[in-house]
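Written below as structure tokens is the structure these notes are about.
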Amino acid sequence: MSVQVTPHPGWVEHDAETVWWADFLAVAKELVDAAGDHRIAGLAVSGIGPVLLPADADGRPLRPAILYGVDTRAGGGATK
């Protein structure tokens with residue numbers, strides 16, 4: 001599930017809790033189910049590019065993630 005939100009022109013965000021974390025859990029479950037009786041030795045996670053995702057002390061996002069490469073609010077041309 002990949003949902004982009006554009007609350008203002010030039011702003012592009014994702015709800016990391018419901019999109020990224022839910023997708024990660026779904027993929028992890030699929031891998032564990034596919035492993036069956038075999039033991040999983042490790043898991044690696046990578047990302048396409050950097051994003052800004054402020055989080056609280058428990059790791060919960062404080063706001064939607066700002067997507068690098070498509071969000072232009074810092075470029076001077078974006079409007080609020």
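We did not get these values from a lab; they are worked out from the coordinates using the rules stated. For clarity, every value in this text was computed on a predicted model and none was experimentally measured. Reconstructed Cβ throughout: ideal geometry from the backbone, glycine too, with neighbour counts over all protein chains shown.
Before moving on, here are some points about what is shown:
- Under the Karplus curve 6.51 cos²θ - 1.76 cosθ + 1.60, θ = phi - 60°, whole-Hz ³J(HN,Hα) for the stretch 7-16, x wherever Gly or Pro sits: x, 9, x, x, 9, 9, 9, 10, 8, 4
- The stretch between TYR68 and PHE24, if pulled fully straight at 0.36 nm per residue, gains 13.9 nm over its current Cα-Cα span.
- Here the dipole of the stretch 9-55 is about 180 debye; that uses its Cα centre as origin and unit charges on the Cβ of Lys and Arg (positive) and Asp and Glu (negative).
- Taking other residues whose beta carbon is less than 12 angstrom from the beta carbon of VAL5, and scoring Lys, Arg as +1 and Asp, Glu as -1, yields -2.
- Here the chain is treated with +1 on each Lys and Arg Cβ and -1 on each Asp and Glu Cβ, and its dipole about the Cα centre works out to around 300 debye.
- For LEU52, residues with placed amide H under 5 Å, excluding near neighbours: ILE66, TYR68
- Under 5 Å, built H, 5+ apart or other chain: amide partners of THR72: TRP11, VAL12
- Between the listed residues VAL19, PRO54, HIS38, the Cα displaced farthest toward the positive end of the dipole of the chain, a dipole computed from Cβ unit charges relative to the Cα centre, is found at PRO54.
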